[in-house]
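First comes the structure, then the notes that go with it.
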Amino acid sequence: MTDDFTKAAEQVGAFQKIWTESFTQLMQTAFTTTPTSAPPEVLREMRSGILKSLARSWDEFLRSPQFLDVMRQWMDSTITFRKMSNEWMARMRNDLQAPSRDDIDTIMLSVRHMEQRLLNRVEDLSKRIDGLNGNSAHPEARNVPKKAAGAKGSKSRVRTSSGNRKVATK
């Protein structure tokens, strides 16, 4: 317990040191103006000095080992919590015999693939029907030979109900 307290006290001391140094630099910058400079110039110099010292102090603070260590510990604990909550939810779904998210995602992906295959097949059938009817609504149907399109006097092969082919003359 005292070790944790000592470590926390050291971190607070380092934090105080950074801010004390930045405030000291801020005050030194604010009062290092020349007596001949005009008041607006003095204010610009003060603003510039304040912003520089703040940027320097924040850079020191954000790069300090104490801050980086705290951030690393926070990220580690966040990742651990996320893993534990995911495992707990998976266990609960398993105990309730409910599908997991992976199961649902897999089913949705399979349905999408099946839907795409069906749409492609329907499109192909639509093109073939348009080609057989002589409808040139689709650009691909224009390339269908006239014999297949059912032109007069042409011979075409027709399947009978028994599956045999028969030559029909129109």
Cα point-scatterer Debye curve for region 1-128, base-10 log of I(q)/I(0) at q = 0.11, 0.19, 0.22 Å⁻¹ | -0.71, -1.07, -1.20
For THR6 and PHE61, FRET efficiency with R0 = 22 Å and r from the beta-carbon atoms, rounded to 0.05?
-> 0.55
Inter-label distance, nm, simple model (7 Å from Cα along the C-beta direction), GLU41/VAL111 = 7.5
Pulled fully out, how much extra length does the chain show between LEU118 and GLN97, if you take 0.36 nm times their separation in residues and subtract their Cα-Cα distance?
-> 4.4 nm
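Read the figures in this text as sums done on the coordinates, not as results from a lab. These numbers come from a predicted model, not from an experiment. Because the Cβ atoms are built from the backbone with ideal geometry, glycine has one as well, and the counts that use them run over all protein chains shown.
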